[in-house]
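The values are calculated or read from the model by the stated rules, or taken from the named source; none is laboratory data. These numbers come from a predicted model, not from an experiment. Cβ atoms come from the backbone with ideal geometry, glycine included; neighbour counts cover every protein chain shown. For accessibility, only protein heavy atoms count, side chains too; no ligands or nucleic acids. Shrake-Rupley method; radii C 1.70, N 1.55, O 1.52, S 1.80 Å.
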2 protein chains.
Amino acid sequence: MVEIIKYPQRAAWPQYMKRTDGSDDAAVRSSVARIIDDVERRGDDALRDYSVQFDGCRIDTFRVGDDEMNAACLIVDYNLKQAINVAAANIHKFHAAELPGEVAVEVAPGIDCRQRAVPISRVGLYAPGGNSPLFSTVLMLAVPARISGCREVVLCTPPRRDGTVDPAILYAAQVAGVSDVFKVGGAQAIAAMTVGTESIKPVYKIFGPGNRYVTEAKLQANMRGVAIDMPAGPSEVMVIADGQADATFVASDFLSQAEHGADSQSILLTTDEGLAHAVVQSVAGLLELLPRQQLAMQSLAGSRVILLHDDDEMMQFANMYAPEHLIINHADAERLALKVESAGSVFLGAFSPESAGDYASGTNHTLPTGGWARSYSGVNIDSFMKKITFQRLSRSGLASIAPAITTMARGEGLYAHSLAVEVRLNNDKNS
Amino acid sequence: MVEIIKYPQRAAWPQYMKRTDGSDDAAVRSSVARIIDDVERRGDDALRDYSVQFDGCRIDTFRVGDDEMNAACLIVDYNLKQAINVAAANIHKFHAAELPGEVAVEVAPGIDCRQRAVPISRVGLYAPGGNSPLFSTVLMLAVPARISGCREVVLCTPPRRDGTVDPAILYAAQVAGVSDVFKVGGAQAIAAMTVGTESIKPVYKIFGPGNRYVTEAKLQANMRGVAIDMPAGPSEVMVIADGQADATFVASDFLSQAEHGADSQSILLTTDEGLAHAVVQSVAGLLELLPRQQLAMQSLAGSRVILLHDDDEMMQFANMYAPEHLIINHADAERLALKVESAGSVFLGAFSPESAGDYASGTNHTLPTGGWARSYSGVNIDSFMKKITFQRLSRSGLASIAPAITTMARGEGLYAHSLAVEVRLNNDKNS
C-alpha cells in the first residue's frame with residue numbers, strides 16, 4: 001500500500017518530495033471573494049444567511065453569552081476537562097519561556113537603540129467545528145495570544161445544526177482566556193474578522209486552520225490588509241529512522257498523519273531495508289484497527305518509504321523537503337537534530353510521537369506545511385507581537401554620526417534627510 | 001501648503017488617517033505575471049531581453065565578477081566609504097544584540113521542549129538603482145542576514161545604462177558580506193529569485209523595496225511559495241510634538257519624508273497651535289533650499305498638521321494610524337514611548353531625526369507602511385530565521401501526559417493519534 005523507493009539518485013529526489021496537492025481553484029477564489037464582499041456590504045445579515053445555508057441553522061446572536069459558556073463548560077466530560085487543563089498548562093509553560101526580553105544597546109555614546117516586543121492589540125482565531133471540533137487548536141492559539149498580552153482575542157467557530165457550539169471548544173476558550181466567542185464559521189467568519197460587522201470588530205491578524213474556503217479567505221484577507229499566521233496546506237510528517245527503531249512506532253506515526261485527510265502525506269527515510277519492509281507491513285496491520293480507513297488509505301497512497309545510504313543523505317533530504325513534522329527516531333537523534341535546517345517541529349527519539357506535540361507537551365501544533373518551513377516558523381509568541389525599535393540620540397550622539405548620515409543621504413540624492421541633521425546641529429540655541 | 005486640522009471629532013479621525021494611495025492596478029498585475037512566466041520559461045534569455053528593454057543595456061554575465069567588484073570599491077569616494085563603514089558597524093552592533101537565544105524548558109519530568117532559531121539558508125535581497133542607488137538598503141538587509149547565519153545572501157540590483165552597477169552599492173555589498181551580486185533589476189529580478197534561471201538560483205525569502213512592479217512581483221512570488229519581508233507601500237512619518245519642539249526640526253522631518261516621493265505622507269500631531277503654524281511656515285521656507293521641490297510639494301499636499309487636546313489623544317491617534325516612522329519630539333518622550341502600540345520605528349526627543357535611523361544609528365530602516373505596523377515588525381534578525389521547536393520525551397515523560405493526549409485525540413476523532421501513544425507504552429520490550 002505504501003511504496004518503497006530504494007536509493008534514488010540525487011537528481012530524482014525532487015520527484016519524491018512532491019506534495020500530494022497544490023490545489024488552486026478559481027471557483028473557490030471567486031466564491032470566497034463574493035462572500036467577503038457580501039459580508040462587507042450586509043454585515044450580520046449576510047452572516048445569518050450563510051449560517052442558514054452552510055451550517056443549517058439560524059443564529060440570532062453570534063456572540064456566545066456568559067450563560068451559554070458556563071452551561072457548556074459544565075457538561076464537558078470530566079476526563080476531557082482534565083486533559084485540556086494539562087495541555088493548557090504545558091502550552092503556557094513553554095510559550096511563556098519564549099517571551100522576548102527588551103534589547104537595549106548603546107551603539108555609541110549618546111546613541112541609545114532599543115527593540116521592544118509589543119503585542120498585536122486585536123487578534124482573531126478560527127477553530128473548525130463540524131465532525132472534528134478542534135478544541136486543541138483553540139489552546140494552541142489563544143494561550144500564546146494571552147501570554148503575549150493581546151488585548152482582544154476573539155474566536156470564530158461554526159455552530160452545529162442545533163445552533164450551539166461544541167462544549168469542549170467553549171471550555172478550551174474559557175481556559176485559554178478568549179475574550180469573545182462568535183458562532184460563525186467558514187469563509188464568512190474570516191470575512192467578518194477582516195471587514196467587521198455590527199457584531200464582530202475587524203482584527204489585525206487572523207490565525208487558525210480550516211478547509212479550502214477558510215484558507216482562501218485568509219489569503220484574500222491578507223490582500224485586504226489583515227495579517228495571517230501562515231499559508232496553510234495539507235498536513236505532513238517525515239520520519240527518519242535507523243535499524244533500532246520499532247516498526248510499529250513508525251507505522252503508528254504514519255497512520256496519525258494519514259487520518260488527517262486524503263491529501264496528508266507521510267514519508268519515512270531510513271538506511272535500514274528491514275525496517276522499511278516491516279513498517280509497510282505494520283501500517284497494513286494497524287490500519288485494520290482504525291475507524292477512518294478509507295481516508296487513511298487515500299493518504300497512504302501518496303506516502304512513501306525511501307531508502308537512503310547514510311545519515312547525511314537523510315538529513316539533506318529532510319532539509320530539502322522541509323517537513324511540517326519531523327520525527328527523528330534514531331539512536332543519534334540529538335546529533336541529527338543539530339543538522340535540522342528546515343522543519344516546523346522536530347520530535348526526537350522513540351517516545352516522542354507527533355501526537356505529543358499535537359496536544360499536550362507544550363509546543364505549538366500550528367506549523368508551516370508544503371515546504372514553507374524553509375522560510376516560516378510555526379506559531380509562537382513572536383506571531384502575536386511586533387518588534388518595534390526605539391532610539392534616542394543626544395545632541396553629541398547625533399553629531400558623532402552626522403558625517404555618516406549626511407554623506408550617505410547626499411550620496412542617495414536625499415538632501416532633506418541631510419538637512420534634518422544640519423538644522424539640529426547648526427542651531428546655536430540648542431547647543 | 002500643508003493643511004492644519006483643528007481638534008477633529010473622534011468620529012472624523014479615520015478620514016485624516018487615510019493614506020495617499022492604495023493603487024491596485026490590473027495592468028501592473030498582469031504585466032508582472034507575464035514577466036514571471038517568461039523568466040520561468042526562458043531563464044537568462046528572458047532576463048537579457050528585459051535588460052535591453054528596461055535598463056537600456058545588454059548584459060552577458062549577470063553575476064558581478066571579482067575584478068569588477070574590486071575595481072568598483074576602489075573608486076568609491078573615501079568619505080562615502082567611511083560613512084558606509086560607520087553605518088555598517090552600528091547596524092551590526094544593534095542587530096547582533098537581537099540574536100535570540102535557545103529556549104529550553106523541562107515542561108514536566110521527562111518532557112524536554114526547546115525552541116531554536118535557525119537561519120533561512122538562502123535569501124534574496126533587492127536594491128533599487130537608477131537615480132537613487134539605495135546602498136543604505138544593502139546594509140540594512142545584508143548585515144542582519146549575515147548575522148543570522150544565512151548561508152547564501154544574493155543581491156539583485158539593476159545595471160546602469162553602461163552595464164555597470166553603482167559602485168557604492170557594490171562597496172556596501174562587499175562590506176556587508178553579500179555572496180553574489182547580480183545585475184538584474186525590476187520585476188524580472190524578483191522573478192529570477194523566485195523561479196530560478198541558469199545564473200540565479202531560487203531563494204526562500206525575498207527582501208527589499210522597489211517600485212510598483214517590484215512590489216507586485218514580490219506579492220506574486222509569495223503566491224508561488226517564496227516568503228517576502230513585508231507588503232511595501234509609500235513611506236510615511238508621524239511627528240508628535242509639544243510646545244517645546246523647534247518648528248524647524250519638525251519641518252525638516254516633514255521634508256525628509258516628502259522628498260521620498262509624491263505619495264509619501266507626513267503628519268504632525270500637536271497640542272500647540274503656535275507650533276502648528278510655525279511648522280507650516282518653516283516647511284515653506286526650507287522647501288526653497290531643496291532640489292526635489294516638485295516631488296516634495298506633491299507629497300506635502302497629502303500631508304497634515306492635526307491639533308489635538310492632550311497627550312493621550314495624540315497617542316491614541318498615533319496607534320490607530322500605525323505610522324512607519326514615529327518621531328516623538330516632546331518633553332515627555334520616554335513616557336509616551338511606553339504607550340506606543342503600533343509603529344515601525346520610534347525616534348525620541350529633539351535630536352533623533354528619522355534620517356539617523358535611515359542610515360547610521362543601527363536600527364533597521366525596512367519598516368511596515370500603510371498601517372501594517374499594527375501587525376508586522378520591521379526587518380530584524382527574526383526576519384532571517386525560523387524558530388523551530390524540538391521535543392524529546394522519555395518513556396515515563398510520555399506516560400505522564402498519555403491520558404491527556406489520548407483523551408483529547410479521541411475527543412477530536414483522531415484515533416491513530418491516540419494509537420501512536422498506546423503502541424509506545426503498551427509494548428513490554430521497551431519498558
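The table below lists the values:
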item	result
Condition broken by residue B:357, with the remaining ones in (1) within 18 Å of residue A:418 (Cα to Cα); (2) of a type outside the set (Asp, Glu); (3) in contact with a helix residue (DSSP H, G or I) (Cβ under 7 Å, 6 or more places away or on another chain) satisfied	(3)
Residue count for region A:204-214, restricted to those that are within 13 Å of another protein chain (Cβ to nearest Cβ) and surrounded by fewer than 24 Cβ atoms within 10 Å (Cβ to Cβ)	1
Test set (1) open to solvent by 10 Å² or more (accessible area, probe 1.4 Å); (2) farther than 30 Å from residue A:373 by Cβ; (3) within 7 Å of another protein chain (Cβ to nearest Cβ) - residue B:389 fails condition number	(2)
Selected residue (criterion: most open to solvent (accessible area, probe 1.4 Å)) from residues of region B:216-233 that are in a loop (DSSP other than H, G, I, E, B) and within 11 Å of chain A (Cβ to nearest Cβ)	B:224
Lone qualifier among A:102, A:98, A:106 - being open to solvent by less than 20 Å² (accessible area, probe 1.4 Å) and in contact with a strand residue (DSSP E or B) (Cβ under 7 Å, 6 or more places away or on another chain)	A:98
Unmet requirement for residue A:37, which otherwise passes all of (1) open to solvent by 20 Å² or more (accessible area, probe 1.4 Å); (2) not assigned by TED's automatic domain parsing to the domain that holds residue A:219	(2)
The lone exception for residue B:359 - which of (1) among the hydroxyl-bearing types (Ser, Thr, Tyr); (2) open to solvent by less than 10 Å² (accessible area, probe 1.4 Å); (3) within 21 Å of residue A:88 (Cα to Cα) it fails	(3)
Some residue of region A:190-200 being among the acidic types (Asp, Glu), within 22 Å of residue A:378 (Cα to Cα) and outside the structural domain of residue A:289 (by TED's automatic domain parsing)	no
Region A:370-384, subset within 7 Å of chain B (Cβ to nearest Cβ) and not in a helix (DSSP H, G or I), residue most open to solvent (accessible area, probe 1.4 Å)	A:376
Residue A:299 vs. criteria of a type in the set (Gly, Ala, Ser), within 24 Å of residue B:398 (Cβ to Cβ) and either within 11 Å of another protein chain (Cβ to nearest Cβ) or out of contact with any helix residue (DSSP H, G or I) (no Cβ under 8 Å at 6 or more places or on another chain) (or both)	no
Region A:330-369, subset under 15 Å from residue B:117 (Cβ atoms), of a type outside the set (A, V, I, L, M) and over 14 Å from the mean Cα position of the chain (by Cα), residue nearest to the other protein chains (Cβ to nearest Cβ)	A:341
Breaking point among (1) touching an Asp or Glu at 6+ places or on another chain (Cβ under 7 Å); (2) within 11 Å of chain A (Cβ to nearest Cβ), for residue B:265	(2)
Any chance residue B:245 is modelled with pLDDT of 95 or more, touching a Leu at 6+ places or on another chain (Cβ under 7 Å) and within 10 Å of another protein chain (Cβ to nearest Cβ)	no
Condition check for residue B:401: touching a strand residue (DSSP E or B) at 6+ places or on another chain (Cβ under 9 Å), more than 7 Å from chain A (Cβ to nearest Cβ) and modelled with pLDDT of 95 or more	no
Subset of region B:119-178 (residues that are under 24 Å from residue B:221 (Cβ atoms) and polar (S, T, N, Q))	B:121, B:132, B:136, B:137, B:148, B:157
Members of region B:127-152 found to be open to solvent by less than 20 Å² (accessible area, probe 1.4 Å), in contact with a helix residue (DSSP H, G or I) (Cβ under 6 Å, 6 or more places away or on another chain) and under 25 Å from residue A:383 (Cα atoms), listed by number	B:142, B:143, B:144, B:145, B:148, B:150
Answer residue from region B:299-321, given it is closer than 13 Å to residue B:8 by Cα and acidic (Asp, Glu) and is nearest to the chain's Cα centre (by Cα) among those	B:313
Listing of strands (runs of 3 or more DSSP E) fully contained in region B:52-136 that carry 1 or more residues being closer than 22 Å to residue B:190 by Cβ	B:111-119, B:122-126
Count of residues meeting criterion [open to solvent by less than 10 Å² (accessible area, probe 1.4 Å) and more than 7 Å from chain B (Cβ to nearest Cβ)] in region A:404-417	0
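Yes/no matrix, rows are residues, columns are (1) at pLDDT below 95; (2) more than 8 Å from every other protein chain (Cβ to nearest Cβ):
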site	(1), (2)
A:63	no, yes
A:71	yes, yes
A:82	no, no
A:103	no, no
A:115	no, no
